[in-house]
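Accompanying notes for the structure given below.
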Amino acid sequence: MKEKFVPALIAGIVTLILAFPLLGLNLVADGLSLVIEGADAKTLRYIVFAALAVFLFQLFKEKLGGIVSSIPLPRKAYGQASVVSQAQRDKRERLFTIIVVALALIWPFFASRGNVDLATLVLIYVMLGLGLNIVVGLAGLLDLGYVAFYAVGAYSYALLHQYFGFSFWVCLPLAGLLAATFGFILGFPVLRLRGDYLAIVTLGFGEIIRILLNNWTHLTGGPNGIGNIPKPSLFGLEFGRRAKEEGNVPFHEFFGIDYSSSYKVVFLYLLALLLVLLTIFVIRRLTRMPVGRAWEALREDEIACRSLGLNRTVIKLSAFTLGASFAGFAGAFFSARQGFISPESFTFIESAIILAIVVLGGMGSQLGVILAAIAMTVLPELAREFQEYRMLMFGLMMVLMMVWRPQGLLPMKRRHMELAND
Amino acid sequence: MTNSMLKVRDLSMRFGGLLAVDGVSLDVNEREIISVIGPNGAGKTTVFNCISGFYTPTGGKINFKGQDVHALADFKISRLGMVRTFQHVRLFSQMTVIENLLVAQHRHVNTNLFSGLFKTPSYRRKEQEAMDRAAYWLKKVNLLEFANREAGNLAYGQQRRLEIARCMVTEPGLLMLDEPAAGLNPKETKELDELIVSLKEDYNVSVLLIEHDMNLVMGISDRIVVINQGRPLATGTPEEIRSNPDVIKAYLGEV
């Protein structure tokens, strides 16, 4: 206890030193000049209270750590595998999937417009998280510039529409393809890099794309962004009040119902859901295919891979390319939903959030990523009333998460394979 | 010699000022077990790394099945049918045992993206073949019951056996084992001995072996190559090596 006392005291004093100028002193405009004013007694009391809290926390840190680790985990990750056979597990999983998909399909017709809109955003992040999961979770390549591919996808649709008048449905595969191309291009210089070095290069790539979009004003509109990006249509039916394109009919006129803006929101939600389901299906297959196994093997031991005749160049490039293509799809959908995009939407913090989703969910685990995407998008939304303390709570949650469950919400579970036992 | 599988001539490897391997030559014929022995730091593993393509040798020629391979990328050499293990176990430890064996068959299965996404019949057949081959080798090395265990959770001796099985599913012509008996107990070493002999007898595989366990080496080798300080010291049958005064001197020091 004694040897903890001094560091704890120092921590408390540091808190005072940091908090007092930041919170205890206010700049007040007095006519044309600024005057420094001391804060009221209440704030000062809070500062002292905070310093005391830090002091006590440092003093009893170990005991608190014990309490945190004694919280029971929500579910044991292993153990039940031996009891339930793979066939049973598959069956359960299928049932679970059907129920969740059915609920997700029905839900928007009863929920409020704002909630459906939020859910659409969640689905975009699910798609991004699943895509990044290929690169980070499976192939073990730390990518801090994933948002670049998202941006490429978004701008592909926006620009192709603006200059060539392509529709969303034409642009969607093109956006995926373009993002994949960029993934491929990024993949080449970083083939030899791993870990921290790879992270730095990808971080740089993310910034390059953003700065390029910001400064190539005559093509991308620069910081002004691109507006008036049309929403996707449903087989030529548009969801606006009036059809914007020649030959198209508004949805409500076609069915002879009153116009309501919520049709559009629900349609976008369902479209996002469809894209997410497709993503889940494709990535699930991929992980069980030779290429998916090779990604994981490369994460585990690159040298062993080489000795077994696996071409790491091809494997790494395929991870980057395929991972990027999903960001491209998400980006195209994002720009369609938003109707307006600017480089502002593709800052580093987006990359960080997507990476946090992957890590929080549990590397390589699909269900984990989905849950984490929901948590990372909905929680800040719920905590909106805390205003500026939102990010603080967010950070606290991440720290607690890392203490309590460093392997993520639902770590990846290995698939049990039946062998023909003769 | 017509049935020569691997021919190494005058191999040398220089790291800056250090000549780690100098003028090593060796031959491996079909269905032959050749051991490379030598004191610690003699350059045995460097020879292995040169042959398997992890290093590009600075001098000399390596010919495998009639093809010069000393400038070839490591994975390409491996695809020609020359696979190796490592001094330290290098399994994909977070993947299951069976997945380890499936990864090794990467070039045998259908890696086409679309046939995998749509599970075409040819893809399913190839996958099933890979599973069967994996199951066969698991049985052979007595690991069938651990098929769905994570490789990292196996006991050390089991991990060693799995490594050999993982090489064998690639259907190699030449298997290179770098100290396979290190850390094994006498019973496990004896099993390994039997396994290696069976690979040669039953599966027509040549084995190039680095090993310190002299009982194992003397018992199973057709020929032995002794390397000391990067230079070849002696080559011959176990009997010749056992009675070679130079070898005794190198191992025991000047008497």
Checked region B:114-131 for anything farther than 23 Å from B:ARG161 by Cβ and facing chain A (nearest Cβ under 7 Å); matches are B:GLY116, B:LEU117
State which residue is nearest to B:GLY38 (Cα to Cα) when the search covers only region B:166-176 and only residues that are surrounded by 19 or more Cβ atoms within 10 Å (Cβ to Cβ) and within 12 Å of chain A (Cβ to nearest Cβ). B:MET176
Restricting attention to region B:224-251, which residues are touching a strand residue (DSSP E or B) at 6+ places or on another chain (Cβ under 6 Å), charged (D, E, K, R) and over 20 Å from B:THR46 (Cβ atoms)? B:ASP246
Restricting the first residue to region A:375-391 and requiring it to be touching a residue at least 24 places away in the same chain (Cβ under 8 Å), which pairs with a second residue that is surrounded by 16 or more Cβ atoms within 10 Å (Cβ to Cβ) and among the hydroxyl-bearing types (Ser, Thr, Tyr) meet a Cβ separation below 8 Å and a spacing of at least six or different chains? A:MET376/A:TYR125; A:THR377/A:TYR125
Do the conditions hold for B:ALA134, that is, is it touching a strand residue (DSSP E or B) at 6+ places or on another chain (Cβ under 9 Å), among the small types (Gly, Ala, Ser), within 12 Å of chain A (Cβ to nearest Cβ) and closer than 30 Å to A:MET412 by Cα? no
Identify, please: which residue in region A:277-309 is within 18 Å of the chain's Cα centre (by Cα) and more than 18 Å from A:LEU138 (Cβ to Cβ) and is, among those, farthest from the other protein chains (Cβ to nearest Cβ)? A:LEU277
Select from region B:1-40 the residues that are in a loop (DSSP other than H, G, I, E, B) and either over 25 Å from B:TYR251 (Cβ atoms) or not small (Gly, Ala, Ser) (or both) and list them in ascending order. B:MET1, B:THR2, B:ASN3, B:GLY16, B:GLY17, B:GLU30, B:ARG31, B:GLU32, B:PRO39, B:ASN40
Quick check on my filter: what residues within region B:202-214 are farther than 17 Å from B:ALA42 by Cα and in contact (Cβ under 8 Å) with a residue 24 or more places away in the chain? B:TYR203, B:ASN204, B:VAL205, B:SER206, B:VAL207
Scan region A:370-386 and tell me whether some residue there is in contact with a Leu (Cβ under 6 Å, 6 or more places away or on another chain), surrounded by 15 or more Cβ atoms within 10 Å (Cβ to Cβ) and at pLDDT 90 or above. yes
Region A:165-179 residues that are under 10 Å from A:PHE333 (Cα atoms), paired with ones that are buried (at least 16 other Cβ atoms within 10 Å of the Cβ) and of a type in the set (Phe, Trp, Tyr) (beta carbon under 6 Å, 6 or more apart): A:CYS171/A:TYR157; A:ALA175/A:TYR157
Taking A:PRO406 and the conditions (1) under 19 Å from B:GLU150 (Cβ atoms); (2) touching a residue at least 24 places away in the same chain (Cβ under 8 Å), which numbered condition does it fall short on, given that it satisfies the others? (2)
Looking at region A:30-68 only, could you name the residues that are touching a strand residue (DSSP E or B) at 6+ places or on another chain (Cβ under 8 Å) and part of a strand (DSSP E or B)? A:LEU34, A:VAL35, A:ILE36, A:GLU37, A:GLY38
Region B:75-90, residues that are crowded, with 24+ Cβ neighbours inside 10 Å and either closer than 19 Å to A:LEU419 by Cβ or facing chain A (nearest Cβ under 7 Å) (or both): B:SER78, B:VAL83, B:ARG84
Please pick out the residue among B:VAL197, B:VAL247, B:VAL207 that is in a helix (DSSP H, G or I), under 15 Å from the mean Cα position of the chain (by Cα) and away from every other protein chain (no Cβ under 14 Å). B:VAL197
With the checklist (1) buried (at least 22 other Cβ atoms within 10 Å of the Cβ); (2) more than 7 Å from every other protein chain (Cβ to nearest Cβ) in hand, flag the one item B:MET95 doesn't pass. (2)
Residues that are among the polar types (S, T, N, Q) and closer than 16 Å to A:LEU308 by Cβ: find the helices (runs of 4 or more DSSP H) completely inside region B:69-131 holding 3 or more of those. none
Read through the list (1) within 14 Å of chain B (Cβ to nearest Cβ); (2) within 30 Å of A:ILE208 (Cα to Cα), then give the number of the only condition that A:PRO343 fails. (1)
Out of A:GLY195, A:GLY140, which single residue is in contact with a Lys or Arg (Cβ under 9 Å, 6 or more places away or on another chain) and on the phi > 0 side of the Ramachandran plot? A:GLY140
Do you know which of the residues in region B:137-151 that are farther than 22 Å from A:ASP301 by Cα and in a helix (DSSP H, G or I) is farthest from the other protein chains (Cβ to nearest Cβ)? B:LYS140
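The values are calculated or read from the model by the stated rules, or taken from the named source; none is laboratory data. Owing to the predicted nature of the structure, the values given are computational and were not obtained by experimental measurement. Glycine also receives a Cβ, built like all others from the backbone with ideal geometry; neighbour counts cover every protein chain displayed.
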